[in-house]
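Here is the structure we will look at.
The values are calculated or read from the model by the stated rules, or taken from the named source; none is laboratory data. Everything numeric here is computed off the predicted structure, so don't read it as measured data. Heads up, the Cβs are rebuilt from the backbone with ideal geometry, glycines too, and the neighbour counts pull from every protein chain shown. Surface areas here come from the heavy atoms of the whole protein model, side chains and all, with no ligands, DNA or RNA. Shrake-Rupley method; radii C 1.70, N 1.55, O 1.52, S 1.80 Å.
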Amino acid sequence: MRLVANKWSKTTVLLGHAGVAKHIPNMRRFSASNLQAMLRQYGFVVAKPIVGTGGSSVVKIQKTGNGYLLHNFGTIRTFRTWKELFSTLNQIRKNRPFMLQQGIDLATIDGRPVDYRVKLKKAGRSWVIRAVVGRMARPGLFVTNICRGGKLLKGSHALRRTFSASLVKSKIDTMCGVARTCTTLLESRYPGIGMLGYDFGIDKHGNVWIFEVNTKPH
């Protein structure tokens, strides 16, 4: 079964489809100028390794009135200067290629961010949706990964706790529809993949976003 680790490459394939691209947050490669531009544009920015799993080294960066906030696995650090912030980010990066992603203000349950994993598996010639689950972040964290203390919820149950009952089916249908389109795109680019896990987020306005896709989903 083929594995594709590079998040940037997979996302580039998906951006080629207009229907999918509208669900992908703005992304850029990590650089000082790109981060500064995105912090001016968005409430917060997420930086993460281009190759990495389990939420490791994923950080959230915010600009405040008198400096910057850096959220890194349960700790929030304040920086007065850009130089201090960027130096710390480079220590976290350790020369690894990183990417920047527009921060999405996720819908929450009890103040804890929730996102969704849609898992597909190839069965014969067709793909089957095996699961739609919600993942609720551990208190104090913004990453929802189960290995980081996130809590697994049934997808429809998580949606009912964040949106009106009438919206639950349409949100699941949207995520599954986007996942199926993405699967067609990725299989044509990477023949031999057999399992895919899509990470979706739904913001507080009900917009559906796709954060990344894994070829070895946990």
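With a simple spin-label model that places each label point 7 Å from the Cα along the Cα-to-Cβ direction, the separation between residue 66 and residue 88 comes to 1.6 nm.
Its relative contact order, with pairs defined as Cα atoms under 8 Å and 6+ residues apart, puts the range 1-73 at 22 percent. Here the contact order of the chain, divided by its residue count and restricted to Cα pairs under 8 Å and six or more residues apart, works out to 23 percent.
In a fully extended conformation the segment linking residue 26 and residue 5 would gain 5.6 nm over its present Cα-Cα distance, using 0.36 nm per residue.
Relative contact order of the range 102-169: what whole-number percent is it, with Cα pairs under 8 angstrom and at least 6 residues apart?
26
Computed over the Cα atoms of the range 138-209, pair by distinct pair, the Kirkwood hydrodynamic radius stands at 14.1 angstrom. Within the accessible surface of the range 98-189, defined with a 1.4 Å probe on protein heavy atoms only, the carbon and sulfur portion equals 50 percent.
The residues of the range 34-118 present an accessible area of 47 Å² per residue when probed at 1.4 Å with all protein chains retained.
Think of it as helices only: each DSSP H run of n ≥ 4 in the chain is worth -39500 (n - 2.57), and spread over all residues that comes to -9000 deg cm²/dmol at 222 nm. Using θ = phi - 60° in the Karplus curve 6.51 cos²θ - 1.76 cosθ + 1.60, the 3J(HN,Hα) couplings for the range 156-171 round to 5, 5, 4, 5, 5, 8, 10, 9, 5, 4, 5, 9, 4, 5, 5, 5 Hz; x is entered for Gly and Pro.
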